[in-house]
1. Using a probe radius of 1.4 Å on heavy atoms only, what accessible surface per residue do you get for the range 13-53? Whole Å² is fine.
2. Multiply the residue gap between Ser26 and Leu97 by 0.36 nm, knock off their C-alpha separation, and tell me the result in nm, one decimal place.
3. Would you grab the residues whose amide H sits under 5 Å from the one on Cys63? Only those 5+ places off in sequence or on another chain, please, with H modelled 1.01 Å from N.
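The values are calculated or read from the model by the stated rules, or taken from the named source; none is laboratory data. Please read all numbers here as calculations on a predicted model, not as lab measurements. Side chains included, ligands, DNA and RNA excluded: accessible areas come from the protein's heavy atoms. Shrake-Rupley method; radii C 1.70, N 1.55, O 1.52, S 1.80 Å.
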Amino acid sequence: MSSLLGVYTFGQPRVGDKIFGNFMKSQLNVIFKRYYRVVFRYDVVPRIPFDDPVSQFSHFGGCLYFRSWYKGEVLKHEPNENYFNPLYIPSKYLNALLDLFRGLFARIRPGKYFKESLVSILYRFFGLLVPGLASHSPRDYVNGVRLAEVKIKRDDAEEFIGL
């Protein structure tokens, strides 16, 4: 693992418990932080399996969270960590509708670098039924990295890069 320059995951589920997370931190973050997670909006996949006392799964590494289309923030944890919180239901459906609208008309703003296919649009329609599923589209992660505007607060930046 010492030969790895960095690990970036996109929409990754939780893969281990806190002991595994501490092991990975000790192996990958020796000189500087080298493990980063990218999460797009209400993507359901990074929120499973649940982070609870029964399953004991947890995330590790810095989190780059895209709250709205291609506007990223560095956070310690993504909001709504376990997906099924009833407080987030209205905003999940609203965001699924906005994702569909932006998918149809957003090429106007980001221009030629914005890529959205007919399959992606149909996938966004399905996202109206199961919000969070359409946010797991690789298209959003690719566009998120290509068109990103990232806001980093000093404390979170130090945590993110391991200062």
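1. With the other protein chains kept in place, the range 13-53 gives 49 Å² per residue.
2. Details: separation 71, 0.36 × 71 = 25.56 nm, distance 4.13 nm.
Gain in length upon complete extension: 21.4 nm.
3. Residues meeting the amide H criterion: Arg37, Leu75.
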